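Taken together, the values in this text are just the output of simple stated rules run on the coordinates, not laboratory data. All values derive from a computational prediction rather than experimental measurement. Backbone-built Cβ (ideal geometry, glycine too); neighbour counts: all protein chains shown.
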Amino acid sequence: MRRTVPLVITFIAGVAMITSFFVYEDTLLGQAASRVKEWGIIIAAFAVVLGTGNIIRISLHKAKRREDRPYKIVLLVCLFLTMALGMFLGIDKGIRATMFNGGHFEGEYNPFYWIYFNVQLPLGATMFSLLVFYITSAAYRAFRMRSIEAGILLVTAVVVMLGQVPISSAIGADKVMTWIMIVPNVAAKRAIVMGAAMGIASMSLKIILGIERSYLGGDS
Amino acid sequence: MRLLSIITIGESYPVAKLVMLALMLIFFGLVLYFTYQAKKGREIYIRPIAGLSAMNEAVGRATEMGRPVLYVPGIADMDDIQTIASIVILSEVAKLAASYDTRIIVPTKTPIVFPVAEETVRNAHADAGRPDAFKKDDVRFLSDDQFAFTAGVTGIMLREKPATNIYMGAFWAESLILAETGFLAGAIQIAGTANVSQLPFFVAACDYTLIGEELYAASAYLSKQPQLLGSLKGSDAAKLLWGGIILLGVLFATWPDMEAKLESAFGFRFADLFIFN
Amino acid sequence: MADLVWYQHVGLWVATLMTLAIFTFLYKDNPIYKMAEHVFVGVAAGYTVAYLFWSAFVPNLYRPLETLFTGGEIEQGEVFWTWMLLIPALLGALFFARFHPKYGWLSRWSIAFMVGAYAGLNLTGKFRLDLMLQPAATFVNLNPANGHWNQVLIYDLPILLGVLVCLTYFFFSKPHTGFIGVTARTGIFFLMAAFGASFGYTVMARISLFIGRLQFLFWEFANTYTQWFPPPT
Amino acid sequence: MNLAKLDRRWLYVVMAVVLVVPFMARIVFPIVPSDSARKIYDAIEALPDGSVILVSADYDPGSEAELYPMNLALFHQLGQKNVKMIITQLWPQAGPLVKDCLDKAYLPHGKKEGVDFVNLGYKPGGLILISKCNESILKAFPEDVNGTPVKDIPVLKGIESSNDIDFFMILSAGTPGIREWLEQCQSQIGKPMASGMTAVSAPDFFQYENSGQLIGLLGGLRGAADYEALVGKPGRGVLGMGPQSFGHLLIILFIVIGNIGYLISRQKARRAA
């Protein structure tokens, strides 16, 4: 029960997806595979929500053990506040049906929406924008021409960066950049994705046939 | 409603789908053949991979300095093949760390990878004969958000000062923060990912980088598992086959009269075998 | 922008403080940043559950079952399949078995479905895209007749050689010595040129993300209170 | 003068200044749109009246700076066309951003929801969802974002699956995104597809433009600026390219200086050894 059932499920789900590629949709097998995809969307929804379950469990665990207690409490408050607002008042500005009045959210400005634009958006966007500073210091201190390969990498990078700058067309850097992007870059990336596709094909085969079981927690 | 019918009379089933089915079966045949050979104990040669031979040294260095090893299995979920390859490498590195009695910290980002990593490290400690040395808290689920996770990992780098950072698996924008923070913390860094957009930073800032497929080759090289060796050799054989296909395609594209002969004989051009819409 | 309602003013100030809180990490890791990080993780996690509830659980699972149980009209032939929706509902719920000390292994059933489905789709999708269509795009015409030579010499031939040479680099059955060694080393040149290209584009990405923040701080926040930084109309 | 020991935060200050000054001075360079951007613009302009375009917003706050301006420019162009639009999202965080783009760039052109366009909102599943849409979009998205059942939405009349869509425009920030759309949709049903993506992913998709599967691709802020110039609505993209260029020059300068110092010290070390 612990291992054979999951392997059977993996086999069925995998074969369903493969047949849906090769078989015409209006065949019995095609219809069955199409249903499996509908199920996949629902199960994927649970998988996404599982992440939040994990965060709640760990934050509660840490809060009990006094580790970063204030931080974890703030995290849980924000989590349940946003979740409650979204579920009870609807996830969209005055459109989505809500549990309370069964109709649309009357207020002009939905608090769930407010939290997204004024808390989640600035935090998410700013977190990413720190990277420009890391690149600046890394460009100066970590990116060295240790070898010929690293040298080629840095020289091409400089040419491509120059080519992006609008005034670069004066010195023709944008023509060289375009050539780099559509010839060596295409050739190398094409070989890489071909190799990767082979790797994924053999890995997927072994997963579906149950030869590869590490996703079950490695107790094969 | 038809039961199975791939090929129906009257309706033309795309030839390229049949060619694809054939190529897939040939490819699987190669993989299963080499897996069988590996299972039978036949010696399978894999060329040395620079990044890997450094891994033993790097874990050894961490042991000498009495500092932990940090292993980040990427930020993708178990559905990403890179994560599965990373878990295979994690189990080997964890075995190595357990045998050297060195702590191994494994931060994870996705809900499914967290339990898988936890069990893999626990089993690795058991296989190394040190089940008691396994610390449940060293395998941590930091956050489901890419950047909150990254902030957590850099926090570990600054606070617990690992001597060796290993980044194996699927990485995106956070690869630079990890590589640069690790570089400035003076750790030996070995990276491996098939996400090509992140390879430049790993190549520029890490000591060793496994490029694309070398990540999968590494999991085979390290674990010597017959199935991994089988798929690696299968892929190698397939590369020869696809190299031939490309050369053949160029031949037909360059000599139209050969193409015409093929078309008159079979009714389709060589390229039509690969394109169907 | 002066006619903002009170909660929009509060919103602007909160957003600006959040932005600055994250920038403090550039100076050093500090409690303000750590609190902002925890707020971010909490809000993002709560957002996901609420969003999934309304955009996946209700429309794809709750509504069909609701019409089934309240005797609503269901499309012809769909009644059986609506009952069958209980299977993905059960499999999905089993994900949460993982939090139960004893029945954690039950969650493997759900993981198995997802891993199996993705394996099947990855296999066919990537084989089709990268092992059928991409090689087909490399069947280049090398015949430099009637002025076709610059297309061949500058574009088609280098791409063909690049693909074959890079494939050799990823060949693991032979050591990189002799002829194979030379082709593999040429492969490295193509690979490093491609990584350089990615490096250049990534630098552009990082800079534009910071510029995005400047645009918010000046055009939305500062401009509301000073009118000195008008955003583009 | 060993600059390497310099505190990295001084380097941050230099970059911040190099970006803020041109930003405040509102320096704008003439944007010459790339061929790739022009091909997308022309392909969408050439769409006959009544054809259906699917816009998939697969991005989030982290990629808002690059993809939000692209989304705005795209909706400006589509607002002036008589083309039916279907919006899907493969990332949960894209919802409010797409709604904002609709309010600012599409609805002002007098478009009505349900008649000219439909926003089908977010669904999880990634690969599974796109593969399902090849067979039936209506089964994958039983309701639109407002909760109206799809069979009651006029714009969806006669549309059953991805085969009924004439053009795909994918705004992609990562996974699931343009790669999944190419694997599961474009490579199997062969419909024209173009994509706007973050600059990080752009270099990995030129090979699909070379093989003809992507009509064109917009990469990062430069892509946004190109499309804004083509649509004639200069905005965050065009204005961003001013400071952007100075940022590039600074990074190039740092790489060159850093490596000159490195090569000199290596030369000295070699001579000393």
Tell me the mean residue ellipticity at 222 nm calculated for chain C from its helices only (DSSP H runs of n ≥ 4, each -39500 (n - 2.57), averaged over every residue, nearest 500).
-20500 deg cm²/dmol
Cα lying deepest toward the dipole's positive end in region C:1-84, options C:Phe53, C:Val79, C:Gly11, charges on Cβ
C:Gly11
Using a Förster distance of 30 Å, how high is the FRET efficiency between B:Glu160 and D:Ile257, based on the Cβ-Cβ distance and rounded to 0.05?
0.35
Modelled label-to-label distance, A:Ile73 and C:Ser173, 7 Å Cα→beta-carbon offset: nm?
6.5
Amide N of region C:112-137 lying under 20 Å from the label point, which is placed 7 angstrom from the Cα of B:Ile26 along Cα→Cβ:
C:123-137
Mean separation of Cα contacts under 8 Å, 6 or more apart, over the residue count of chain C: relative contact order %
13
Where does the longest stretch of chain B lie that holds no GluC sites (Glu not before Pro) found in a DSSP loop with 12 or fewer other Cβ atoms within 10 Å?
B:44-277
Quick one: Karplus J couplings for region D:173-188, per residue in order, coefficients 6.51, -1.76, 1.60, θ = phi - 60°, nearest Hz, x for Gly and Pro?
10, x, 10, x, x, 4, 4, 5, 5, 5, 5, 8, 10, 4, 5, 9
Calculate, in nm to one decimal, what D:Met24 and D:Ser265 gain on full extension: separation in residues at 0.36 nm each, minus their alpha carbon distance.
82.8 nm
Which of the three applies to the protein assembly as shown, rounded, prolate or oblate, going by the alpha-carbon gyration tensor with a ≥ b ≥ c and a/c under 1.5 meaning rounded?
rounded
Okay, helix-only estimate at 222 nm for chain B: each DSSP H run of n ≥ 4 adds -39500 (n - 2.57), divide by all residues, round to 500 deg cm²/dmol; what do you get?
-18500 deg cm²/dmol
Sites B:Glu43 and C:Thr226 - FRET efficiency at Förster radius 60 Å, r taken between beta-carbons, to 0.05
0.20
Per the C-alpha gyration tensor (a ≥ b ≥ c, the square roots of its eigenvalues), region C:145-233 is rounded if a/c is under 1.5, else prolate if a/b beats b/c, else oblate; here it's oblate
State which stretch of chain B is the longest one without any exposed trypsin sites (Lys or Arg not before Pro), exposure meaning a DSSP loop state and at most 14 other Cβ atoms within 10 Å.
B:43-134
Under 19 Å from B:Lys39, Cα to Cα: lysines that are on another chain or at least 8 residues apart:
A:Lys206, B:Lys224, B:Lys233
Could you please report the charge total around B:Met24, scoring K, R as +1 and D, E as -1 over all other residues with beta-carbon less than 12 angstrom from its beta-carbon?
+3
Can you work out the FRET efficiency for the pair C:Ile74 and D:Asp164, with r the C-beta to C-beta distance and R0 = 22 Å, to the nearest 0.05?
0.35
Test of the criteria: in region D:76-128, which trypsin sites (Lys or Arg not before Pro) are in a DSSP loop and have at most 10 other Cβ atoms within 10 angstrom of their Cβ?
D:Lys112
Please get the size of the charge dipole for region D:130-273, origin at its Cα centre, with Cβ charges of +1 on Lys and Arg and -1 on Asp and Glu, quoted in debye to the nearest 20.
1120
Summing -39500 (n - 2.57) over every DSSP H run of at least 4 residues in chain A and dividing by its residue count gives a helix-only mean residue ellipticity at 222 nm, to the nearest 500 deg cm²/dmol, of -23500 deg cm²/dmol
Taking a ≥ b ≥ c as the square roots of the Cα gyration tensor eigenvalues, with a/c under 1.5 meaning rounded and otherwise prolate when a/b beats b/c, else oblate, which class fits chain A?
oblate
Using only Cα atoms, find the angle between the long axis of helix B:175-184 and the longest principal axis of chain B, and express it within 0 to 90 degrees, rounded to the nearest 10.
40
So, with +1 on the Cβ of K and R and -1 on the Cβ of D and E, and no other charges, what is the size of the charge dipole of region A:126-207 about its Cα centre, to the nearest 20 debye?
200
Label-to-label distance, nm, for residues given as B:Met258 and B:Glu57 (7 Å Cα→Cβ offset):
4.7
Could you compute the net charge surrounding A:Ile135? Neighbours are other residues with a C-beta less than 9 Å from the C-beta of A:Ile135; K and R count +1, D and E count -1.
0
In nm, to one decimal, how far is the modelled label at C:Tyr103 from the one at B:Ser223, with both set 7 Å along Cα→Cβ?
3.0
Can you tally the net charge around D:Asn82? Count Lys and Arg as +1, Asp and Glu as -1, for every other residue whose Cβ sits under 14 Å from the Cβ of D:Asn82.
0
